[in-house]
Amino acid sequence: MATVDGDVSVASSLETTTPPKTLPTGDETTKGKQESRSSMGKKQKKKGDESVDPLITPVDSVWPPPYYFEDDLRRVRPYYWTYNTYCKERWRGRTLIEIFESEFRDRPTEYYRETMEKGDIFVNGKRVGPDYVIRNGDLISHTMHRHEPPVTAEPVGIIHEDDDMIVINKPSGVPVHPAGRYKFNSVLEIMKANRGQHFMPYPCNRLDRLTSGIMFVAKSVQAAEALGNQIKSRTVRKEYVARVAGEFPQGEVVCDQPILTISPKLGLNRVRANGKTARTVFKRLAYYPPKDSRASSAGDGMRDATEAGGESRGRPWVNKRGYSIVRCLPVTGRTHQIRVHLQYLGHPIQNDPIYANQRVWGLNLGRQDEDGTQTPDEDVISRLSRMGKEDVAEAVVYYDEMVDKYEKKRAERMTGQVCDVCATPLYSDPGMHELSLWLHSLRYEDADGAWSYKSPLPRWALPPEGMDGPTTVGGMEELVQAVQEEKPETTA
């Protein structure tokens with residue numbers, strides 16, 4: 001069961017102040033699993049009466065986090081965990097199985113139904129079965145043998161720290177909050193493991209899992225609220241840097257296209273005329289053409305398709321060789337705003353597994369398709385749903401010679417194997433291209449100049465070997481000026 005806003009974990013209260021320096025051995029971990037599983041299954045029944053709802057005993061807390069490191073990845077040994085969440089307003093009057101089918105995609109429907117019948121998904125501490133109708137105030141719980149995906153072993157960097165705030169450089173591929181398949185492999189839990197279990201981090205801004213860069217983590221509720229209010233009042237400026245396909249135009253490019261969430265379940269967004277107002281200012285920092293006249297393996301495929309069709313019309317990736325490093329100033333804060341606007345402009349982030357994926361968006365990749373006529377929402381949602389299960393989730397159009405061929409083939413997907421303990425379908429390790437999105441939160445600053453924090457450019461934004469290019473980024477004045485001038489939208 002994926003966690004959602006408002007989740008309350010029964011393992012939130014931890015028992016020791018400092019985690020031990022060594023993690024449990026495999027035998028100790030297995031023993032702990034068996035003890036937890038036995039406590040989880042405790043039920044109360046009247047003698048001879050199999051119809052009485054059992055009372056459920058949640059599993060014990062997990063500490064220290066069962067991390068181990070292998071192949072440059074931070075891994076978590078499987079463990080038992082109970083999720084708890086109260087009824088959402090949109091869930092009222094719907095059956096338990098219907099909610100899980102529509103809201104959560106971590107497991108197949110058959111798993112959820114069997115788990116409800118067994119009592120590992122329960123309501124108000126009792127087994128109710130899949131056809132139970134959820135009411136206001138119900139507490140839904142799910143105890144499961146949890147398998148977390150690995151994340152990069154890169155540490156959470158510290159840019160600045162004082163009595164109130166920690167400014168961090170978030171690694172790419174690590175979610176900020178525990179959510180979905182991630183619990184201990186999240187920024188907040190990693191920081192807690194490093195600083196002690198009573199450390200309470202309060203994030204002030206958010207970054208998508210794949211995005212790296214500057215984040216603010218307060219040490220108190222008061223400090224978090226103060227910076228949060230400043231960000232909401234739009235007195236804080238933020239700048240990102242992205243690596244995009246092809247030669248991005250010179251000058252300031254302003255995209256004002258509205259953005260609509262077409263699938264909350266998948267977190268999928270696109271430019272749509274009936275979406276929410278969104279605005280992003282872009283400026284090219286550098287352009288790096290291919291090292292030689294021969295296109296990349298992906299480029300060869302594009303050229304062949306063009307020659308076969310006799311023209312490049314309607315195929316925006318043709319001749320988009322090389323890549324650009326682009327500065328991005330989001331004026332509004334819609335989900336995936338920078339990624340969606342770059343896709344719409346015809347220069348998606350080069351390794352974006354969603355918005356640069358021809359298998360999901362079709363030949364036009366969503367470029368200037370604000371009414372969804374070229375690629376209907378239903379088609380996009382259906383294709384993306386298969387990614388990571390039947391198909392490899394990767395950017396299949398814009399790879400160039402700098403992306404290793406091995407990484408094109410390697411990606412996280414179901415292996416066909418199952419866990420010996422819980423029969424959960426197992427995934428392979430993610431490829432490095434799934435742990436990194438070439439989008440980085442570069443800078444946050446107070447509009448009045450009271451403070452400013454900037455991270456170094458990531459490696460993928462630096463000049464490639466044998467080429468000259470910028471290694472630093474100047475001030476934000478030009479980008480801010482473009483916003484103030486109310487420039488019309490410019491397309492590539």
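Quick note: the coordinates plus some simple rules give every number you see, no bench work behind them. Predicted model, so just to flag it, every value in this text is computed and none were measured. Don't worry about glycine lacking a Cβ; one is built from the backbone with ideal geometry, like all the others, and counts go over all protein chains shown.
Under 9 Å from the Cβ of residue 181, count the other residues' Cβ atoms, weight Lys and Arg +1, Asp and Glu -1, and hand me the total.
Numbers: positive: 146, 183; negative: 106, 148.
Its environment carries a net charge of 0.
Can you tally the net charge around residue 448? Count Lys and Arg as +1, Asp and Glu as -1, for every other residue whose Cβ sits under 13 Å from the Cβ of residue 448.
Local net charge: 0.
How much net charge surrounds residue 219 when only the other residues with a Cβ under 14 Å from the Cβ of residue 219 are counted, with Lys and Arg +1 and Asp and Glu -1? Display every interim value, and only then the final one.
Numbers: positive: 192, 195; negative: 161, 162, 163, 164, 225.
With Lys, Arg at +1 and Asp, Glu at -1, the net is -3.
Packing-wise, with mean Cβ within 10 Å as the measure, how do 354-360, 158-164 rank, highest first?
Working: 354-360: 22.9, 158-164: 11.7.
Per-residue mean Cβ counts within 10 Å order the peptides as 354-360, 158-164.
If you take the Cα atoms of region 93-203, find Rg, then find the Kirkwood Rh from the mean of 1/r over all pairs, what is Rg/Rh?
Radius of gyration over Kirkwood radius for region 93-203 works out to 1.10.
Ranked highest first by average number of other Cβ atoms within 10 Å, how do 230-237, 143-150 line up?
Taking the mean over residues of other Cβ atoms within 10 Å, the ranking is 143-150, 230-237.
DSSP loop (so not H, G, I, E, B), at most 12 other Cβ within 10 Å: list which chymotrypsin sites (Phe, Trp or Tyr not before Pro) in region 53-143 pass both filters.
Within region 53-143, no chymotrypsin sites (Phe, Trp or Tyr not before Pro) qualify (loop, at most 12 other Cβ atoms within 10 Å).
Compute the semi-axes of the equivalent ellipsoid of region 166-262, taking the square root of 5 times each eigenvalue of the Cα gyration tensor, and list them largest first in whole Å.
Semi-axis lengths for region 166-262 are 29, 18, 13 Å.
Can you pick out the pairs among 88/118; 183/265; 118/183 whose Cα atoms lie more than 22 Å from each other?
Beyond 22 Å: 88/118; 118/183.
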